[in-house]
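Everything below concerns the one structure shown next.
The values are calculated or read from the model by the stated rules, or taken from the named source; none is laboratory data. Everything numeric here is computed off the predicted structure, so don't read it as measured data. Don't worry about glycine lacking a Cβ; one is built from the backbone with ideal geometry, like all the others, and counts go over all protein chains shown.
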Amino acid sequence: MRVLILGGDGYLGWPTAMHLSSRGHEVAAVDNYLRRRLAREEDVEPLVDCPNLHERCRMWNTISGKEIQPIITDLADRSACSDLFESFKPDAVIHYAEQPSAPYSMLRHESASLTLHNNLGATANMIFAVKDHCPDCHIIKLGTMGEYGTPNCDIPEGWFDLEYQGRTQRSLFPRQAGSLYHTTKIMDTDMLWFYVRMWNLRVTDLMQGPVYGLETDENSGHEALYPCFAYDEIFGTVLNRFCVQAVAGYPLTVYGKGGQTRGYLNIKDTLNCIELALNSPADSGELRIFNQFTETFSVNELAERVQAAGRDMGLDVVIESVPNPRKEAEDHYYNPAHTGLIDLGLEPNLLTSETLVGIMDLIARQRDRIRHDRFVRSVQWS
Ligand code: USQ
């Protein structure tokens, strides 16, 4: 298939590009380096040096003999986005091209505004470009489990039957996000659903939980092909941060009571899920939703697992509860369904001590680059 990866320079976009290229797809990785720019501006660059997209595509070609086409363009620019789809004519598009950080979206008015304009603008431009140039293209959109929030009831995969005063209507499950970033993902879903109804687009919306890890089958042994791995408060996800903190001898920063529970997955499973969705597209006129995670953990459970894995490596890992900078439930019910991707054939890479030791071993090689002042920034939600 001809596959466009929007946000192809990012933590997940680049590994996805290599993964699909290794499977024989014709892949273009598209990015405007927004994420790199924001990290530079906030002085929170990633743990591992990431060569630019052109360089990484060349390295990938040398290693694998396969080609990924790098395209540097801004999808929030309407005509640039339209030109891209007109010339590439993808069979499928994988849309990661969003400002991905909840804390960044809560920093200040300017960062909120950038998140809104970039995320909704790029999504709208992609929708129009697909309609105009490749209406049969399968849109695979990265959503987030955070769209649902933490309701006091079970969470289905996107849809449920709403019953009210004796009548029933199939409906999107109620969503209430905990950050502006997560709210833009809700708005994306609503916009996609609207245009699925109007224009019979085929869309898969993947409600993904926080991802951990940095090694995949394609980059193993090639540090320069590792994804941009963040460990700072703004762009780092919790388990990746805990692994870096453990290696650095910094107390694991559990926010508040640590009962916050989310659905997590290994970066290798992100790639597997994308491939499964790609190989079995949504129907025309369908908004198909999968909850993309493999296991649920509370923050306390994650910290305890990292502490135990650290012990196996001879590290003395301390867990510390710090005041929660976010406004979120710290003790709540959480039971989301996640059978759709398993039914398609997903075989999860579960979180074992061996997995954690593997991640921390790779991090330990970068020990000298870890900056303690990046762990806490205290971006306050309210
Ligand atoms: N947390 C801590 N200590 C830390 C960092 C985080 O206790 O040092 C807590 C947070 O308060 C939260 C949980 O860990 O309750 C998860 O936080 P996170 O930073 O790993 O994840 P989040 O901000 O929700 O966002 C991340 C990605 C985002 C993706 C989302 C999936 O940055 O792009 O959409 O995970 S989900 O969380 O399911 O919505």
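Residues that are part of a loop (DSSP other than H, G, I, E, B) and either more than 12 Å from the ligand (Cβ to nearest atom) or free of Cβ contacts under 8 Å to residues at least 40 places away in the same chain (or both) do not occur anywhere in the stretch 120-128.
Among the conditions (1) surrounded by fewer than 16 Cβ atoms within 10 Å (Cβ to Cβ); (2) of a type outside the set (A, V, I, L, M, F, W, C); (3) touching a Lys or Arg at 6+ places or on another chain (Cβ under 6 Å), E330 misses just one, which is (1). Which of the residues spanning the stretch 73-96 are among the aliphatic types (A, V, I, L, M), under 17 Å from D188 (Cβ atoms) and not in a strand (DSSP E or B)? Matches in the stretch 73-96: L75, A76. Taking F290, is it of a type in the set (F, W, Y) and farther than 25 Å from I363 by Cα? Here the answer is yes, as F290 does meet what is asked. Checking each residue in the stretch 197-212 for being within 13 Å of the ligand (Cβ to nearest atom) and part of a loop (DSSP other than H, G, I, E, B) picks out G209, P210. Only one entry in Y148, Y181, Y164 is over 18 Å from P336 (Cα atoms), within 15 Å of the ligand (Cβ to nearest atom) and either modelled with pLDDT under 95 or of a type in the set (F, W, Y) (or both), namely Y181. Against the test of being more than 11 Å from the ligand (Cβ to nearest atom) and under 19 Å from P103 (Cα atoms), the options F290, F242, F229 yield a single qualifying residue, F229. If I filter the stretch 226-240 down to residues being over 15 Å from the mean Cα position of the chain (by Cα) and buried (at least 23 other Cβ atoms within 10 Å of the Cβ), which single residue comes out as farthest from E354 (Cα to Cα)? Here the answer is D232.
Beta carbons closer than 8 Å, at least 6 apart along the sequence or on distinct chains, pair a first residue in the stretch 154-172 that is closer than 20 Å to V196 by Cα with a second that is among the β-branched types (V, I, T) and buried (at least 16 other Cβ atoms within 10 Å of the Cβ) for E157/I289; G158/I289; W159/I289; L172/T189. Taken as a whole, the condition of being at pLDDT 95 or above, over 23 Å from R23 (Cβ atoms), near the ligand (Cβ under 10 Å from one of its atoms) and of a type in the set (S, T, N, Q) does not apply to T189. If you filter the stretch 11-56 down to residues that are at pLDDT 95 or above and acidic (D, E), you find that the one that is nearest to N272 (Cα to Cα) is E26. Looking at R377, is it within 11 Å of the ligand (Cβ to nearest atom), in a loop (DSSP other than H, G, I, E, B), surrounded by fewer than 20 Cβ atoms within 10 Å (Cβ to Cβ) and modelled with pLDDT under 95? Yes, satisfied. Against the numbered list (1) within 26 Å of E157 (Cα to Cα); (2) more than 10 Å from the ligand (Cβ to nearest atom), S220 comes up short only at (1).
Any chance the stretch 248-258 includes a residue that's buried (at least 23 other Cβ atoms within 10 Å of the Cβ) and away from the ligand (no atom under 12 Å from the Cβ)? There is no residue in the stretch 248-258 that is buried (at least 23 other Cβ atoms within 10 Å of the Cβ) and away from the ligand (no atom under 12 Å from the Cβ).
Would a scan of the stretch 341-359 turn up a residue that is within 16 Å of the ligand (Cβ to nearest atom), modelled with pLDDT of 95 or more, within 30 Å of M191 (Cβ to Cβ) and under 24 Å from the mean Cα position of the chain (by Cα)? There is at least one residue in the stretch 341-359 that is within 16 Å of the ligand (Cβ to nearest atom), modelled with pLDDT of 95 or more, within 30 Å of M191 (Cβ to Cβ) and under 24 Å from the mean Cα position of the chain (by Cα). The residue of the stretch 290-325 that is nearest to E233 (Cα to Cα), among those that are among the aliphatic types (A, V, I, L, M) and in contact with a Pro (Cβ under 9 Å, 6 or more places away or on another chain), is V322.
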